[in-house]
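Just dropping this structure here.
The values are calculated or read from the model by the stated rules, or taken from the named source; none is laboratory data. In this text, all values refer to a predicted model and were calculated from it rather than measured experimentally. Cβ placement follows ideal geometry from the backbone for every residue including glycine, while neighbour counts extend to all protein chains displayed. Remember, those area values only see protein heavy atoms, side chains included, never the ligands or the DNA or RNA. Shrake-Rupley method; radii C 1.70, N 1.55, O 1.52, S 1.80 Å.
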Amino acid sequence: MQTLSSKYTFFYKYIFILMWIFGFGFGAREILLVNPQFDDQWVQYALAWLLIGLFIFFATGSIKTVILDRDNNQLKVSNYLKTLIIDCDEITSVDGSSLLSPKLVWITLDKSSTFGRKISFMPAHRPTRSIGKHPMVVELREEFNVNL
């Protein structure tokens, strides 16, 4: 069995968003809550806090832990509460993000599963020189014999 997901998946899925919400909120509390003057500055902070929080949530909130079992030709997918076994024959495409950091890889299935049709995960970090997709995208396309 080979773990495809990064060891930081739990951190990015749960801890990072909480650090942003509470850390930025605590750091900007004077402007958000205690500012005696009414000006537009608190709106800018609140809007930035909300938009960046939503971006973090939608980018990393759905990532899963993915383990490849080559012997049984299966993927073991987990969101830390539930684990699902997916047959590799159900994979129709593999793709990844180009500009996000951390890089994400997503696997599209031919039919919907408990986690939906698209399984996204954060692969283990590898130093790359480009801003393109993670090298694991190409490896998984070859492994599963699929294209975009």
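Within segment 100-113, track down each residue that is under 18 Å from Gly61 (Cβ atoms) and exposed (fewer than 11 other Cβ atoms within 10 Å of the Cβ).
Answer for segment 100-113, where residues must be under 18 Å from Gly61 (Cβ atoms) and exposed (fewer than 11 other Cβ atoms within 10 Å of the Cβ): just Ser101.
State yes or no: is Ile85 part of a strand (DSSP E or B), closer than 20 Å to Met1 by Cβ and either of a type in the set (Gly, Ala, Ser) or touching a residue at least 12 places away in the same chain (Cβ under 8 Å) (or both)?
no
Every residue in segment 1-42 that is at pLDDT below 90, among the hydrophobic types (A, V, I, L, M, F, W, C) and not in a helix (DSSP H, G or I), please.
Of everything in segment 1-42, those that are at pLDDT below 90, among the hydrophobic types (A, V, I, L, M, F, W, C) and not in a helix (DSSP H, G or I) turn out to be Met1, Ala28, Phe38.
Among the residues of segment 98-144, count how many are among the polar types (S, T, N, Q), in contact with a strand residue (DSSP E or B) (Cβ under 8 Å, 6 or more places away or on another chain) and under 20 Å from Phe16 (Cβ atoms).
1
For segment 43-59, how many residues meet the condition of being open to solvent by 90 Å² or more (accessible area, probe 1.4 Å) and either at pLDDT 90 or above or under 30 Å from Ile119 (Cβ atoms) (or both)?
5
Now a separate question. Just give me the residues in segment 114-140 being at pLDDT below 90, open to solvent by 20 Å² or more (accessible area, probe 1.4 Å) and either in contact with a Pro (Cβ under 7 Å, 6 or more places away or on another chain) or not in a loop (DSSP other than H, G, I, E, B) (or both), in sequence order.
Hits for segment 114-140 are Arg126, Thr128, Pro135, Val138, Glu139.
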